Amino acid sequence: MPGRKTLQIAALAAFALVSGPAPVSGQSNPNILLVIADDMGLDATTCYDVGANQATMPNLETLCAEGLVFENAYSAPLCSPTRASIMTGKYGFRTGVGSAVSAEAGNGLSEDENSLFDVLDQAQYSTALIGKWHLSDTPDDLDHPASLGVWEFFGIFTGGAGDYYNWTAVHNGAAAEVSGYTTSILTNRAISWIGQQDRPWFLWLAYNAPHAPFHTPPSDLHSRGDLPNSRKAIRSDRATYYNAALEALDTEMGRLLNSITPDEFQNTIVIFLGDNGSPNQVTGNLYGERGAKGSLFEGGTHIPLVIYGPGVKPGRNDALVNTTDLFATIAGLAGAEVRTRDSINLWPVVQGGSGSRKYAYVEHFSDVPPRRENSYGWAIRDERFKLVSIDGQDEMLFDLEIDPFEEVDLLESGPTAEYKEVAASLKEAYQKIRGED
């Protein structure tokens, strides 16, 4: 596929321009590009040794090879609370966004929150959000992004496009019908917006890929060949279509990175992450009965996260990370000082130092019944052990060092005094986070 290969080579050439972690002396605050893949777990990329059915994503793999890969990054098990945590630097129980936002749940992100965009505006950054929003519980409140400081918004207002080729886009409060592949259209918008900036910028680029509906992306954007475009074919092999969508995302991300001028790219930090685990339809039996997306177990909340650019010490890092930490990290890169009890600036860790959190905490809650049975509750982990509390069930303890797929509950029958003490310590840490001590 000549088109796809050309884009990959071009993107890799752009990466070569910024080899070496040291920032340029005397440069201004960096540009910051945040790329979010929708429904992409650890198992979807070869950057992590999880599963055996990954997409071919050479541009992401270059980011992983030349940047810093976080081994222990955690999100909410669904997209809205993860996005709200990045936007505010707060856990969901503080913002009220604990599950997918909907009119029924009435759990949209409050306009009273001090958002990441508010902070960056005060730091004199140009800012934009292109792609998926899904933070408003009022479908016709199309000015919701602006109420949270997003003065330039273009993208999908609700949970998904519905159709990757014919969809409704919202641009700064106005809706319009769009024909064209969403991943490519969003990339075109990103390229255009970056090209218009004359001061440090922050772009939140939230692709809706590879989120359902599973579909056939343009053939020149992936390596899966001439895929049949029928419901029957897609149902029989969802993983192939899911991976094709991821490969299309990677190709278009490479096109975006290659569009940034060499001088500008030398002063650009790229942050890539998935917003929750991969969907259960494509993970097979990888996570067993624990499940993937929507689950508080590892398959639903343990996500890929990589940071690349000047000042980054390449390699892999075991530090515990919550998506809330991206708030303080991005604000700090922009030279803004923010204080929130749930967000830790990762930049010292990114540069090779310390300063990470002691616990990673995740939660899933709502006033409406869950789509997936037994999915509401919370979980907390330290560097080795994880305590999981599902509503209405006994608490579970797992040793992630030797049991990363959480197959053996250490509290299930006759737990040792040591395990009881570990569980009690983690429960106490949870209570302190919630202010219940």
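The values are calculated or read from the model by the stated rules, or taken from the named source; none is laboratory data. None of these values were measured; they are calculated from a predicted model. Cβ placement follows ideal geometry from the backbone for every residue including glycine, while neighbour counts extend to all protein chains displayed.
Enumerate the pairs (first residue in the stretch 310-327 and closer than 23 Å to residue 340 by Cβ; second residue anywhere and modelled with pLDDT under 95 and among the hydroxyl-bearing types (Ser, Thr, Tyr)) with beta-carbon separation below 6 Å, excluding pairs fewer than 6 apart on the same chain, so at least 6 apart or on different chains. Sorted first by the residue in the stretch 310-327, then by its partner, the pairs are 319/356; 320/356.
Close contacts from the stretch 218-231, counting a first residue that is without any contact (Cβ under 8 Å) to a residue 24 or more places away in the chain and a second that is part of a loop (DSSP other than H, G, I, E, B) and among the charged types (D, E, K, R), with Cβ to Cβ under 9 Å and a gap of 6+ residues or different chains, come to 227/237. Does residue 242 satisfy the condition of being modelled with pLDDT of 95 or more and over 19 Å from residue 130 (Cβ atoms)? So residue 242 passes the test. Filter the stretch 156-191 down to the residues that are of a type in the set (D, E, K, R) and in contact (Cβ under 8 Å) with a residue 40 or more places away in the chain and list them by number. The answer is 163, 189. The set of residues in the stretch 54-85 being closer than 19 Å to residue 292 by Cβ, in a helix (DSSP H, G or I) and of a type in the set (D, E, K, R) consists of 83 alone. Pairs meeting the criteria (first residue in the stretch 258-286 and more than 18 Å from residue 71 (Cα to Cα), second residue part of a loop (DSSP other than H, G, I, E, B) and charged (D, E, K, R), beta carbons under 7 Å, at least 6 apart or on different chains) are 279/39; 279/293; 280/293.
With the requirement that a residue be surrounded by fewer than 24 Cβ atoms within 10 Å (Cβ to Cβ) and acidic (Asp, Glu), what does the stretch 270-325 give you? 289, 318 - these are the residues of the stretch 270-325 that are surrounded by fewer than 24 Cβ atoms within 10 Å (Cβ to Cβ) and acidic (Asp, Glu).
Can you tell me which residue in the stretch 411-428 is nearest to residue 303 (Cα to Cα), limited to those that are touching a residue at least 24 places away in the same chain (Cβ under 8 Å) and aliphatic (A, V, I, L, M)? Looking at the filtered set, the residue picked out is 426. The stretch 86-156 holds helices (runs of 4 or more DSSP H) entirely within its bounds, and those carrying 3 or more residues that are more than 20 Å from the chain's Cα centre (by Cα) and over 22 Å from residue 368 (Cβ atoms) map to 116-122.
The residue of the stretch 170-218 that is surrounded by the fewest Cβ atoms within 10 Å (Cβ to Cβ), among those that are over 24 Å from residue 117 (Cβ atoms) and of a type in the set (Phe, Trp, Tyr), is 181.
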